[in-house]
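Data block below; observations after.
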Amino acid sequence: MNKIEIKDFNFFYGKNRVIRNFNLNIEANKITSIFGPANSGTTTLLCCLNRFCDLNNEARYSGDILIDGKSIFAPKVSVTALRRRVGMVFEVPTPLPMSIFDNVSYGLRLLHVKRKQRIPEIVEMSLRQAALWDEVKNRLNFPAASLSGGQQQRMCIARILALEPDVLLIDRACSGLDPISTAKIEGSLMRLKKQMTIVISPHNIQQANRISECVVFMQKGEWVEKITDFRI
Amino acid sequence: MNLNISEKIAKTVVWIASLGMFGVLTSIVAFILFKGLPAISWSFLTQMPEKMGREGGIASPIAGTFLVTVPAVLIAMPFGIGTAFYLAEYTKGGIITRAVRFSAESLAGIPSIVYGLFGFIFFVVKLNLGWSILSGSLTLAIMILPTIIRTSEVAISSVPKTYKEVSYSLGATKWQTIRLTVIPSAVRGIAIGVILAIGRCVSETAALILTAGSVLGMPDSLLSSGRTMAVHFYLLATEGISPERAFGTAALLIITVFFINVVANTLIERLFKRVGR
């Protein structure tokens, strides 16, 4: 079943066309890797899937992206709701200047969750899913910046998992991390794919090989090849 | 030149510069406190001035300072901080934005006596408020606006872009992002601007002599004339009325500004306990 359908999609920053005539179907409950050399548009493509690109004033697009059969660019779509459904983890860990607990519960607090007592429960569950709970359970009130880089990145994953997204976008989230953190993150993703669709821009081809069922190659913004059952 | 030697020279130069600055600053404060503290006593703080300030205390200038400064800051803060948020977050940079920013920058450099003249013509005469605490407050509010706008805008725009991006990526609206991420990160910088503005109000003389007058009595409403400590000090010193009481007032001014700084900093520390830096 196709979760995401990208149709004749073009994307521009000003006059610069970053994505060219892109067509792709992404299947539900699988890990799809989008792989390409630097500046090939993989990050931009991920950013388009939750309309994060809208934040750039010069962004323009043509074509369409459908999630569950509905266009994400339709005028009625709530961008904030879309971004909760389609969560994004950035290349560089980005802790907010607050405690670990406040970081993970940030998205929940935006929702005015009335049942405040559920927040600690969801925070714990998210941190467990991101394989970080055991390392931080005794210091949830510590500043998030006191965590190591790998822990920060797992916290960022927990932060988005707290919102229970359908789709998880991971942009080179393991570049610059130690092998143990990388292994933990990859393990979490393998478990999470039962609940959600994961699109990752892996930082090397070995990672794509380890975790994903389907690899899409792109270059200079263009679709090159899609390989299912990928093994090197 | 040997790297070691240039390193030492650089270190010596900055050391001498900071030592010199520290020396000048402390000697000024020490001089005023040395001259002024003996004049300060409980009766000096609580009694009304007598014989044009030659005798008695400075109860009415203390009240005047408070009554002029508080409304001025309360009026200028919402407008100033609001404008700063507009400039830093809401505008994409057009003619209006540049005009607002340019006028704020220009207004910051105008001598206070010009504000005084404007306040005199507009508030005192045109709006018929007379020489009053209210005219003085309104004039000072306009005078401190540029300070608050500039410092707040710098504080707001120095919040890292990634914080905002993360907030948006978690489904926050613009206002939620500002409230939960931008304000807690920028509040210190904004507070520094407000403290500077309070300092300018407390130490202002020229603009106030033209708008609030210099009546020595205790002001009984915002519409009565009155003088602040700074004006009192200016008149005592320039007219040679009482150098001891002038220094007493000056010492109290310094203590007041110091006190405001400490209180404001503790308050911010309490309200926005910040973690993560």
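The values are calculated or read from the model by the stated rules, or taken from the named source; none is laboratory data. This one's a predicted model, so the numbers in the text were calculated from it and none came from an experiment. Using ideal geometry, Cβ is built from the backbone for each residue, glycine included, and neighbour counts are taken over all protein chains shown. Side chains are part of the model used for accessible areas, which takes the heavy atoms of the whole protein and leaves out ligands, DNA and RNA. Shrake-Rupley method; radii C 1.70, N 1.55, O 1.52, S 1.80 Å.
Do any of A:Lys30/A:Lys116; A:Lys193/A:Lys226; A:Lys7/A:Lys184; A:Lys15/B:Lys164 go past 30 Å between their Cα atoms, and which? Where the Cα-Cα span goes over 30 Å, the pairs concerned are A:Lys30/A:Lys116; A:Lys7/A:Lys184.
Of the whole protein surface, A:Asp134 contributes about 120 Å² of accessible area at a 1.4 Å probe radius.
Quick one: pull the percent of accessible area on the protein assembly as shown belonging to carbon and sulfur, 1.4 Å probe, ligands and nucleic acids left out. Don't skip to the answer; put the middle values down first.
Working: 15830 of 25210 Å².
Carbon with sulfur: 63 percent of the solvent-accessible area.
Residues B:His232, A:His203, A:His112, sorted by accessible area with the largest first, give A:His112, A:His203, B:His232 [1.4 Å probe; ligands and nucleic acids excluded]. Probing with 1.4 Å while keeping every protein chain in the model, the per residue accessible area of chain A equals 45 Å².
Kindly state, to the nearest 0.05, the FRET efficiency for B:Ser106 paired with A:Ser71, given R0 = 60 Å and r defined as their beta-carbon distance.
Working: r = 49 Å, r/R0 = 0.81.
Rounded to the nearest 0.05, the efficiency is 0.80.
Remark: accessible area buried at the A-B interface is about 1900 Å², both chains counted, probe radius 1.4 Å.
Its DSSP H runs of at least 4 residues, each contributing -39,500 (n - 2.57), put the calculated 222 nm mean residue ellipticity of the protein assembly as shown at -17000 deg cm²/dmol, to the nearest 500.
Between B:Pro71, B:Pro111, B:Pro219, where does the largest GNM mean-square fluctuation fall for chain B, given springs only between Cα atoms within less than 10 Å? Highest fluctuation among the options: B:Pro111. Within the straight-line cut-off of under 12 Å between alpha carbons, the aspartates and glutamates reachable from A:Lys70 are A:Glu5, sequence neighbours fewer than 8 places apart in one chain being disregarded. Structural descriptor for segment A:1-103: relative contact order 29 percent, calculated from alpha carbon pairs under 8 angstrom and at least 6 residues apart. In a Gaussian network model over chain B where Cα atoms closer than 10 Å are linked, find which of B:Val166, B:Val215, B:Val202 has the largest mean-square fluctuation. Result for chain B, Cα springs under 10 Å: B:Val166 fluctuates most.
When you count, for each residue, the other Cβ atoms within 10 Å and take the mean per peptide, how do A:97-104, A:21-28 rank with the highest first? List each step's numbers first, then the result.
Numbers: A:97-104: 23.5, A:21-28: 16.4.
Ranked from most to least packed, the peptides come out as A:97-104, A:21-28.
Taking the centroid of alpha carbons for each part, segment A:181-203 and segment B:86-118 are 51 Å apart.
Of all DSSP-defined beta bridges confined to segment A:135-232, some 55% are antiparallel rather than parallel.
For the cross-link pairs A:Lys220/B:Lys161; A:Lys3/B:Lys161; A:Lys76/B:Lys92, the ones whose C-alpha atoms lie over 29 Å apart are A:Lys3/B:Lys161. Each Cα pair under 8 Å and six or more residues apart adds its separation to the average, and for segment A:2-228 the resulting relative contact order is 31 percent. Computed on protein heavy atoms with a 1.4 Å probe, the accessible areas place A:Lys220, A:Lys193 in the order A:Lys220, A:Lys193, largest first.
Surface exposure of segment B:1-143, expressed per residue as accessible area with a 1.4 Å probe, stands at 62 Å². Percent relative contact order of segment B:40-275, based on C-alpha pairs within less than 8 angstrom and at least six residues apart? Relative contact order here is 27 percent.
With the charge dipole of the protein assembly as shown set up from +1 on Lys and Arg Cβ and -1 on Asp and Glu Cβ about the Cα centre, the Cα lying farthest toward the positive end among the listed residues A:Cys48, A:Ser99, A:Leu24 is that of A:Leu24. When the accessible area of each residue in segment A:98-136 is compared between its chain alone and the complete protein assembly (1.4 Å probe; ligands, DNA and RNA ignored), which residues differ by at least 40 Å², being lower in the assembly? So the qualifying set is A:Tyr106, A:Leu110.
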